[in-house]
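Okay, so here's the structure we're looking at.
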Amino acid sequence: MTAKYVRIQARDCAWVTGYPRGVFGICWRLIREGRLSPEDEQLFRDTDKWFREYLPEPKPCKNGEKVITFFKTEAAGEMLAKLAPVLEMLDRIAFPYDIVYTNAVGTAVYEDEWQIAVRVENGVMV
């Protein structure tokens, strides 16, 4: 079986969606909490900058809607390679996360070549 989507997520939930926070949310939280070294913070900020430059930010995300995003596995190779140093950093600081491959997502409210966004209500994809 080949999964259509992949998501890197925490084991705790984001307060907005009630769903496990994604890798970018993980890192922004660690920065806010002062848990990253200046070098690790810069590593993440550089990675985030690359994604903002090369990957469209879904309109529902920009609007602050209750959505989560998944990479499409067929197009995720470059994205996952760009995230590898961030995942190595999370491993080094012993922050637990999961890489989830799935075909079971709710209805996409946004889709482009690389990703989808799915609406979430009370921690459940709808």
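Coordinate-derived values only; no laboratory data. Bear in mind that the values here come from a model prediction, so they are computed numbers and not experimental data. Heads up, the Cβs are rebuilt from the backbone with ideal geometry, glycines too, and the neighbour counts pull from every protein chain shown.
Among the residues making up segment 2-33, those that are in contact (Cβ under 8 Å) with a residue 24 or more places away in the chain, of a type in the set (A, V, I, L, M, F, W, C) and out of contact with any strand residue (DSSP E or B) (no Cβ under 7 Å at 6 or more places or on another chain) are VAL16, PHE24, CYS27, LEU30. In segment 69-84 there is at least one residue that is closer than 28 Å to VAL126 by Cβ and among the small types (Gly, Ala, Ser). Here is the figure for segment 25-69: residues that are in a helix (DSSP H, G or I) and closer than 20 Å to ARG119 by Cβ total 5. Of the residues examined, MET125 is not one that is closer than 21 Å to ASP12 by Cα, in contact (Cβ under 8 Å) with a residue 24 or more places away in the chain, in contact with a Leu (Cβ under 7 Å, 6 or more places away or on another chain) and not aromatic (Phe, Trp, Tyr). The set of residues from segment 98-114 being under 21 Å from CYS13 (Cα atoms), under 15 Å from the mean Cα position of the chain (by Cα) and not in a strand (DSSP E or B) comprises just one member, VAL105.
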